[in-house]
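Novice: The structure under discussion is supplied below as structure tokens; questions concerning it will follow.
Just so it is clear, none of the values below were taken in a lab; they were calculated from the coordinates. Computed from a prediction, not measured in an experiment: that's the story for all the values here. When we count neighbours, we look across all protein chains shown, and the Cβ atoms used for this are built from the backbone with ideal geometry, even at glycine.
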Amino acid sequence: MIIDIARCSFQRGYLPGKKNTVFHPFFATCNAAFRREALDRAGGFDLKCRTGEDVDMSIRVARAGYALWYEPAATVRHVDRHTLVGMLRQWFNYGVGHPYLYRKHVPGPRLQVCRLDTSNRAADPIGVRRLLDVRFPFPGLVGASVFHLFHLALAAALTAAWWGGPTAAWLAPGVALLSGAWYIGLRFDWRRPVRSLALAGLRYTADFAFVLGGLLGGLRHGVLYLALTRTRRQAPST
């Protein structure tokens, strides 16, 4: 996939539980089976979920007292989007739908800042570490990733170019350049540089659509939502 959604390193067996967070072990409904009893007790699917209905159902089934079992032998063939427009529409809609899910499951107005953590020591079972969790006038989730650093530095560089300022004039463009190179380098393969740059461009457009959708969806639900992008480093070749 262009964007990594979950850590995808679960072992066969029961998944760990996690309360009061959207970052919860879940199964995509393109390949999941639930007991009818569990669905009934959880209240069925929430028809207000534009996307993320699988996350919502996994959370509510777990809270209803049921355990989630991961079976790696259960596989399906899934047809992904084959056009750029279709892919961007899909990821934009993912972003639009997530703020509703966040507001539904995070109690009270809080600001949470999270980053990706794929180490085995990650505080969250699907590889997300919360850096900040404080009371706030309204709900907010802010992702801290190299994608966000790049755009923050780029905005600072443009502001410095407009307003001036000797320090910001060279510091912000430098940070933007380094973070942009970091973003591309996460999945760069020097044996196939052209292909790597093309995939980085696709990944960037998908990330941008995802984050933009989250911002616009957050406005609809009164949530500051800067979606966390999930790109990991390229696994070493064997």
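Novice: Just the number: Rg to Rh for region 13-226, Cα atoms, Kirkwood Rh, two decimals.
Specialist: Ratio of gyration radius to Kirkwood radius for region 13-226: 1.00.
Novice: Can you figure out the FRET efficiency of Leu216 with Val85, using R₀ = 22 Å and their beta-carbon distance, to the nearest 0.05?
Specialist: In this case the efficiency is close to 0.80.
Novice: Distance in nm between label sites at Arg63 and Arg77, each 7 Å beyond Cα in the beta-carbon direction?
Specialist: Modelled inter-label distance: 3.8 nm.
Novice: May I pose another question? Would you mind getting me the FRET efficiency between Leu171 and Leu199? Use the beta-carbon distance for r and R0 = 35 Å, nearest 0.05.
Specialist: Efficiency at R0 = 35 Å is approximately 0.70.
Novice: On full extension of the chain, what length is gained from Ala161 through Arg130, given 0.36 nm per residue of separation minus the C-alpha to C-alpha distance?
Specialist: Extra length from Ala161 to Arg130 when fully extended: 7.8 nm.
Novice: Moving to a separate point now. Sort Cys114, Cys49 by Cβ crowding within 10 Å, fewest neighbours at the top. Present the calculation step by step, with values, prior to reporting the outcome.
Specialist: Values: Cys114 23, Cys49 17.
Going from sparsest to densest Cβ surroundings: Cys49, Cys114.
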